[in-house]
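Asks: A single structure is presented below for examination.
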Amino acid sequence: MIEKLVEALFGCRHSRYSFPVTVRRAKRRPQAAALTGTYVVCLDCGKEFAYDWQQMKVITSPERHRERLAELAKHVA
Ligand SMILES: [Zn+2]
């Protein structure tokens with residue numbers, strides 16, 4: 001209950017995640033998985049985030065997202 005109130009006031013801190021899920025050959029991947037192919041779900045608010053297996057990190061911020069995307073694009077090119 002208090003956690004929900006804190007969420008409403010300050011936004012979810014996304015401190016607990018599900019185990020990373022890797023999506024392969026799915027027709028419709030969740031938006032979060034489009035970047036790395038792997039995503040986690042926040043157990044508190046249900047939001048999906050891209051997960052970077054190589055760095056063992058959840059990609060939460062849009063800035064970080066763009067950074068990583070640019071990095072990936074370099075490898076593909
Ligand atoms: Zn959350």
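Asks: Collect the residues in segment 22-77 that are of a type in the set (A, V, I, L, M), within 16 Å of the ligand (Cβ to nearest atom) and modelled with pLDDT of 80 or more, keeping them in residue-number order.
Replies: Step one: list which residues in segment 22-77 are of a type in the set (A, V, I, L, M), which gives 23, 26, 32-35, 40-41, 43, 50, 56, 58-59, 69-70, 72-73, 76-77.
Still in the list and also within 16 Å of the ligand (Cβ to nearest atom): 32, 40-41, 43, 50, 58-59.
Scanning segment 22-77 gives Val40, Val41, Leu43, Ala50, Val58, Ile59.
Asks: Would it be correct to say that Gly11 is at pLDDT 90 or above, within 14 Å of the ligand (Cβ to nearest atom) and exposed (fewer than 10 other Cβ atoms within 10 Å of the Cβ)? Lay out the reasoning, then the answer.
Replies: On the way: at pLDDT 90 or above: no; within 14 Å of the ligand (Cβ to nearest atom): yes; exposed (fewer than 10 other Cβ atoms within 10 Å of the Cβ): yes.
Considered against the rule, which asks whether it is at pLDDT 90 or above, within 14 Å of the ligand (Cβ to nearest atom) and exposed (fewer than 10 other Cβ atoms within 10 Å of the Cβ), Gly11 comes out as no.
Asks: A further question on this structure: Just to be sure I understand the filter: pairs with C-beta atoms under 9 Å, separated by 6 or more residues or on different chains, first member in segment 61-75 and within 13 Å of Thr36 (Cα to Cα), second member outside any loop (DSSP other than H, G, I, E, B) and at pLDDT below 75. Which pairs pass?
Replies: His65/Leu35; Arg68/Leu35; Leu69/Leu35; Leu72/Leu35
The values are calculated or read from the model by the stated rules, or taken from the named source; none is laboratory data. Predicted model only: the values in this text are computed from it and were never measured. Counting neighbours? That spans all protein chains shown, and the Cβs are built from the backbone with ideal geometry, glycine included.
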